[in-house]
1. Please state which one of 124, 100 is modelled with pLDDT under 85 and within 17 Å of residue 149 (Cα to Cα).
2. Which one is surrounded by the most Cβ atoms within 10 Å (Cβ to Cβ) among residues in region 98-108 that are without any contact (Cβ under 8 Å) to a residue 40 or more places away in the chain and under 11 Å from residue 137 (Cα atoms)?
3. Go over the candidates 48, 13 one by one and state the one that is surrounded by 10 or more Cβ atoms within 10 Å (Cβ to Cβ) and without any contact (Cβ under 8 Å) to a residue 24 or more places away in the chain.
4. If we scan region 112-121, do we find a residue that is in contact with a strand residue (DSSP E or B) (Cβ under 9 Å, 6 or more places away or on another chain) and either in a helix (DSSP H, G or I) or modelled with pLDDT of 90 or more (or both)?
5. Here is a check on your reading of the model: is residue 106 touching a strand residue (DSSP E or B) at 6+ places or on another chain (Cβ under 9 Å), under 11 Å from residue 159 (Cα atoms), assigned to a strand (DSSP E or B) and modelled with pLDDT of 90 or more?
6. Run down 52, 65 and say which single residue is touching a helix residue (DSSP H, G or I) at 6+ places or on another chain (Cβ under 8 Å) and over 26 Å from residue 163 (Cα atoms).
């Protein structure tokens, strides 16, 4: 028996002569090499890069790296200030026509709860987000503030800043 790597090759092995010849070697100008030129390692690695054996696994691992904070509790005076500003904005956006005429630009800081049910922070944590845009609507029944296309629940609001024109004609900050 002839040793082959870690195993011994039986004497009557059917492909013994082929194995003993080794890896095929081609000349520089032979027909095979001309039809199939050698590919460098960098290009060869690109062939296998799109393959994702575990679909969604890399996204799930990346989602675990997201830092979440606990929901902030606002002091009573800040909640009253947000309520006052919401009342001011509601008066300026009572109807679609008023909202289009006034075009109140707002800067809103709000809390976005964690939406990933597989994360430890789900249901208790979230992130702080800031949105700047035109206030389209303040809905006291649905308890939402709509800025652009985003509806933000009143309970998630952390800060509101708005540039409005006061009835006297001079610009003011709400």
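1. Answer to the selection: 100.
2. Once the filter is applied, the top-ranked residue is 99.
3. Every option except 13 fails the conditions.
4. Yes, region 112-121 contains a residue that is in contact with a strand residue (DSSP E or B) (Cβ under 9 Å, 6 or more places away or on another chain) and either in a helix (DSSP H, G or I) or modelled with pLDDT of 90 or more (or both).
5. It is true that residue 106 is touching a strand residue (DSSP E or B) at 6+ places or on another chain (Cβ under 9 Å), under 11 Å from residue 159 (Cα atoms), assigned to a strand (DSSP E or B) and modelled with pLDDT of 90 or more.
6. Answer to the check: 52.
Each row is one residue, and each column tells you yes or no for (1) closer than 14 Å to residue 159 by Cβ; (2) under 26 Å from the mean Cα position of the chain (by Cα); (3) surrounded by 16 or more Cβ atoms within 10 Å (Cβ to Cβ); (4) in contact (Cβ under 8 Å) with a residue 24 or more places away in the chain.
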site: 70; (1), (2), (3), (4): no, yes, no, yes
site: 81; (1), (2), (3), (4): yes, no, no, no
site: 94; (1), (2), (3), (4): no, no, no, no
site: 110; (1), (2), (3), (4): yes, yes, yes, yes
site: 113; (1), (2), (3), (4): no, yes, no, yes
site: 133; (1), (2), (3), (4): no, yes, no, yes
site: 141; (1), (2), (3), (4): no, no, no, no
site: 148; (1), (2), (3), (4): no, yes, no, no
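Residue by residue, here is whether (1) in contact (Cβ under 8 Å) with a residue 24 or more places away in the chain; (2) in a loop (DSSP other than H, G, I, E, B) holds:
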{"position": "26", "(1), (2)": "no, yes"}
{"position": "33", "(1), (2)": "no, no"}
{"position": "43", "(1), (2)": "no, no"}
{"position": "60", "(1), (2)": "yes, no"}
{"position": "66", "(1), (2)": "yes, yes"}
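The values are calculated or read from the model by the stated rules, or taken from the named source; none is laboratory data. Keep in mind that this is a model prediction, so the values were computed, not measured. Counting neighbours? That spans all protein chains shown, and the Cβs are built from the backbone with ideal geometry, glycine included.
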